[in-house]
Every structure is written in structure tokens, then in C-alpha cells.
Amino acid sequence: MLKHRIITALVLAPATIASIFYLPLPYFSALMLVVMAIGAWEWGPLMGFANKTRRIAFVLVTSVLIGALWYYFPLLEVWLSTTDLQKPIIYILWIAVAWWLLSATLTFLYPRYSKFWSSHRSVRGLFGWLTLVPTWLAFIVLRSSEYQTDTYQGAQLIMFLFLMVWSADIGAYFVGKAFGKHKLLPNVSPGKTMEGFLGGVVMACILVAIAGFTMNFTASQFYLIIPITILITTVSVLGDLNESMFKRQAGIKDSGSILPGHGGILDRIDSLTATAPIYALCYALIGW
């Protein structure tokens, strides 16, 4: 299992980074749509769909919703200027923030109040759309930033998000293994500890600071990026716990098996589904 996990990571990480930097914006957007469609397929069992027809229908509706956003917000018109994002997009990102606040409440109170949403597939389907559709939009917001003047600006923004999430994940794993004693949310994910969470936040801040030094960040940029790193790494744990809650309720260990040693796409992007909309909103509102 560990061998498969390492091999998959060694193949997936370079391919992901290459697609972020070198795929033209329309192809990157299409790739992200495919990723969200696979995530929608894996969300089916979380809704209790054993029937492939129903899962395909959910994938199609999710793809249509994303396609509608693509149609109404052409890729090169997402930003009205280098600092001015279209207002409807900001509203959608705020809706995503509201969803994750609700999700945090449901997660921290689990299994209390789970009877309603767990017994209504339509509610769990809505949760899936609120999770996946804004994630696609957030990545487009980031990747399209200053695209016509600097095609790599948006890629760098996304890589900073990945740096925050990946370093927090790695730090949480090793610190949790070495020092973890106090369970974070045992009803949702018994393996996560408070020590691991804090270790992940600290590691992310250290690596982001190092990256900032290498890129000659100003003091004002550091005053912004470090608090944002703390926010994003905290939210990343919520994304992980959220999926764990839905899988636990559905009696599922992994969302899928498409990635050997890692499970499904949702198992890999759960933190990003929570962090990407909030990160994009922070960038749109305050920049750095």
C-alpha cells in the first residue's frame, strides 16, 4: 500500500504541477471540469446511489452547472481588471464560504443533527454541488488572474495554495504520529489529533515564509500571507473532516479507487474543495 501510494504521488505531483503551469487556460479549465466530474461520480455513494444511472445523472448535472458558469463567465472576462473580479463570482464564492461555515457546524456537532441530511439524498446532493462547483470556479479565478499579461501569475497563486495544503498535510501526519495524544474530532476522524493539526499549521507557515523570502516578499506581503496561511491550513482540515463525516455516515472507507494507494479523487482534493474558494476570495478582496 505504501509503495503504491509513493509511486502514485511521484507520478501525480509532477503531472499536476505541469498542467497548472503549461496547459493553456481553456485546457486547464476543461481538465478541472473532468476532475470535478470524477468527484461528482464518487459523491454518488455518499448519497447512497448504488445505481450507475443515478450516479451518471449526478455527474451530468454537476457538469452542466460548471458549464453554465463557464458560459456566463468567459475565461478571459472573469477579471474585469487585474484587481476587480466580477461581482456575481464574488457572490458565488461567498455562498461557498457560507456552505463551509455550515459544514463546520455539522462536522463539529456530528452525529447530532445528522438525521435530517443523512436521510435526504437531495440535501446530500446539494452539499455535493456546493462542494464541487465553487471549487472549479475558484481554480479558474486563480488561474486566470493577470493571464493576458503574465500567463504564470495564476499558476503561482495555485502553487502557493498547494504549498499551504500539502505542507500542512505532511506536517500534521508526522507531528501527529510522533506527538499526537489529544483527539481532534474522534466522532468523525479518530486518527486526527490536535498536535498534528498545530504541527501542520506551523510547517505550512514555515514553508510559506521560506517561499516568500526566495521571492523577495515585502513586509506588508508577509503580514498578509502568514495569517492567510493559518486560515487556509485550518480550513483544509475542515475539508478533510467534512468528507470523512460523509464517508462515515455512508459506511465507506475511500471515495473511490482511481488513485492506487490514495483512494479516489475526493480523497485527494477534499482539503482543496474547502480551501480553494476561500483562498480565491481572499485574493480577490485583499490581494498580496
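For the reader, a short list of remarks on this structure follows.
- Condition met for LEU157 (buried (at least 16 other Cβ atoms within 10 Å of the Cβ), modelled with pLDDT of 95 or more and touching a Gly at 6+ places or on another chain (Cβ under 8 Å)): no
- Test: residue in the stretch 140-153 that is charged (D, E, K, R) and touching a residue at least 24 places away in the same chain (Cβ under 8 Å): yes
Residue by residue, here is whether (1) surrounded by fewer than 22 Cβ atoms within 10 Å (Cβ to Cβ); (2) out of contact with any helix residue (DSSP H, G or I) (no Cβ under 7 Å at 6 or more places or on another chain); (3) of a type in the set (Ser, Thr, Tyr) holds:
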| residue | (1), (2), (3) |
| --- | --- |
| VAL141 | no, no, no |
| SER145 | no, no, yes |
| ASP150 | yes, yes, no |
| VAL165 | no, no, no |
| GLY180 | yes, no, no |
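- Identification of helices (runs of 4 or more DSSP H) wholly contained in the stretch 50-138 with 2 or more residues that are more than 25 Å from TRP288 (Cβ to Cβ) and in contact with a Gly (Cβ under 8 Å, 6 or more places away or on another chain) yields 52-72.
- Among the residues making up the stretch 13-55, those that are over 18 Å from the mean Cα position of the chain (by Cα) and among the charged types (D, E, K, R) are LYS52, ARG54, ARG55.
- The stretch 124-139 - residue that is buried (at least 23 other Cβ atoms within 10 Å of the Cβ) and aromatic (Phe, Trp, Tyr) and, of those, farthest from ASN242 (Cα to Cα): PHE139
- Among all residues of the stretch 187-195, there is at least one that is hydroxyl-bearing (Ser, Thr, Tyr), free of Cβ contacts under 8 Å to residues at least 24 places away in the same chain and farther than 27 Å from SER19 by Cβ.
- Taking the numbered list (1) more than 16 Å from the chain's Cα centre (by Cα); (2) in a helix (DSSP H, G or I); (3) closer than 30 Å to MET36 by Cα; (4) not small (Gly, Ala, Ser) in turn, ILE210 passes all entries but (3).
- Identity of the residue in the stretch 221-237, touching a residue at least 12 places away in the same chain (Cβ under 8 Å) and of a type outside the set (Val, Ile, Thr), that ends up surrounded by the most Cβ atoms within 10 Å (Cβ to Cβ): SER236
- The condition of being in contact with a strand residue (DSSP E or B) (Cβ under 8 Å, 6 or more places away or on another chain) and of a type in the set (Lys, Arg) holds for only one of LYS192, LYS177, that being LYS192.
- From TRP94, TRP43, TRP99, residue being free of Cβ contacts under 8 Å to residues at least 40 places away in the same chain and among the hydrophobic types (A, V, I, L, M, F, W, C): TRP99
Conditions (1) of a type outside the set (Asp, Glu); (2) under 24 Å from PHE28 (Cβ atoms), marked per residue:
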| site | (1), (2) |
| --- | --- |
| PHE73 | yes, yes |
| GLU77 | no, yes |
| THR82 | yes, yes |
| GLN86 | yes, yes |
| LEU93 | yes, yes |
| ALA96 | yes, yes |
| THR105 | yes, no |
| PHE108 | yes, no |
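- Conditions (1) surrounded by 14 or more Cβ atoms within 10 Å (Cβ to Cβ); (2) part of a helix (DSSP H, G or I): number failed by TYR27: (1)
- Residues in the stretch 156-186 that are touching a residue at least 24 places away in the same chain (Cβ under 8 Å) and not in a helix (DSSP H, G or I): LEU184, LEU185.
The values are calculated or read from the model by the stated rules, or taken from the named source; none is laboratory data. Every value quoted in this text rests on a predicted model; they were computed, and no experiment measured them. Virtual Cβ from ideal backbone geometry, glycine too; neighbours counted across all protein chains shown.
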